[in-house]
Amino acid sequence: MKITPICANLFARLLARFWKGRDAQRGIAAEIAQRRKTRVIVVPELNVLGMRPLGMTMGENIFIPEGSENDALMLAHELVHIEEQWRKYGDAFALLYLFELLRAGLRDGWGRAYLGNKFEREAYAKQNEYLKQLS
Ligand SMILES: [Zn+2]
């Protein structure tokens with residue numbers, strides 16, 4: 001069963017405006033947007049609380065910095081977050097992800113909170129499988 005993350009999708013629209021994003025027009029990013037019912041939003045720079053992730057999902061939207069429209073592995077990774085996580089848990093995924101990040105941070109130390117997070121581990125574990133589907 002698929003759940004649409006309605007609030008996260010709305011929040012992504014606000015973020016897209018705030019970050020001066022535009023829909024990806026070229027590369028693998030544009031293809032994914034068409035074929036996977038997602039929005040890929042290109043922003044001048046991706047700055048999340050002072051960090052510079054390669055990409056980020058919010059609901060069924062992928063935010064990427066300008067120039068990374070053909071970073072297939074990163075896009076595959078973000079697609080796992082959408083198809084296996086956001087569409088499985090809906091809006092609740094935002095809380096689940098934060099909770100898991102907190103849990104991993106308390107358990108393994110804050111430097112490892114990101115990679116210790118089970119949702120990131122799942123995305124890294126499945127990204128190559130998704131990458132094959134993209135090519
Ligand atoms: Zn990730």
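Every read-out reported here was derived from the displayed coordinates using simple, explicitly stated rules and does not represent laboratory data. Owing to the predicted nature of the structure, the values given are computational and were not obtained by experimental measurement. FYI the Cβ positions are ideal-geometry reconstructions off the backbone, even for glycines, and counts take in every protein chain you see.
Based solely on its DSSP helices, what 222 nm [θ] is calculated for the chain when runs of n ≥ 4 H residues each add -39,500 (n - 2.57) and the sum is averaged over all residues, nearest 500 deg cm²/dmol?
Working: 6 runs with 69 residues, N = 135.
It lands at -15500 deg cm²/dmol.
Please give the helix 6-18 orientation as an angle from the longest Cα principal axis of the chain, in degrees from 0 to 90, rounded to the nearest 10.
For 6-18 against the chain, the angle is about 60 degrees.
Sort Trp110, Trp19, Trp86 by Cβ crowding within 10 Å, fewest neighbours at the top. Can you show the working numbers first?
On the way: Trp110 12, Trp19 18, Trp86 27.
Ordered from fewest to most neighbouring Cβ atoms within 10 Å, Trp110, Trp19, Trp86 come out as Trp110, Trp19, Trp86.
Once you charge only the Cβ atoms, +1 for Lys and Arg and -1 for Asp and Glu, what is the size of the charge dipole of the stretch 66-119 about its Cα centre, to the nearest 20 debye?
440
Taking the Cβ of Phe119 as the centre, find all other residues whose Cβ is under 10 Å away and add up their charges (Lys, Arg: +1; Asp, Glu: -1).
Values: positive: Lys118, Arg121; negative: Glu84, Glu100, Glu120, Glu122.
Here the count lands on -2.
First check a/c for the stretch 26-86, with a ≥ b ≥ c the square roots of the eigenvalues of its C-alpha gyration tensor; if it is under 1.5, answer rounded, and if not, answer prolate when a/b is larger than b/c or oblate otherwise.
Details: a/c = 1.79, a/b = 1.21, b/c = 1.48.
Taking the square roots of the gyration eigenvalues as a ≥ b ≥ c, the stretch 26-86 is oblate.
Please report the relative contact order for the chain, taking Cα pairs under 8 Å with a sequence separation of at least 6, and give it as a percent rounded to a whole number.
Working: 202 pairs, mean separation 33.8, N = 135.
Over the chain, the number comes to 25 percent.
Rounded to the nearest 5, what % of the DSSP beta bridges within the stretch 6-134 are antiparallel ones? Could you put the intermediate results ahead of the total?
Values: 6 of 11 bridges.
So the antiparallel bridges in the stretch 6-134 amount to around 55 percent.
Please order Val40, Val80, Val48 by the number of other Cβ within 10 Å, starting at the fewest. Please list the in-between numbers first.
On the way: Val40 26, Val80 22, Val48 11.
Least crowded to most crowded, the residues run Val48, Val80, Val40.
Along the charge dipole of the stretch 6-134, Cβ charges K/R +1 and D/E -1, which of Tyr114, Ala29, Cys7 sits furthest on the positive end?
The one lying farthest along the dipole's positive direction is Cys7.
Placing unit charges on C-beta atoms (Lys and Arg positive, Asp and Glu negative, everything else neutral), compute the dipole magnitude of the chain about its Cα centre in debye, rounded to 20. Before the final figure, lay out the partial values.
Working: 20 positive and 16 negative charges, 47 e Å.
Its charge dipole is roughly 220 debye.
Quick one: angle between helix 92-108 and the longest Cα principal axis of the chain, in degrees between 0 and 90, rounded to 10, please.
50
Fewest to most neighbouring Cβ within 10 Å: what's the order for Phe93, Phe119, Phe18? Please report the intermediate quantities before stating the final value.
Values: Phe93 22, Phe119 18, Phe18 9.
By the 10 Å Cβ count, ascending: Phe18, Phe119, Phe93.
Report P(r) for the chain: all Cα-Cα distances, bin width 5 Å, range 0 to the bin holding the largest distance, values in whole percent.
It works out to 2, 11, 19, 24, 22, 15, 5, 1, 0, in whole percents.
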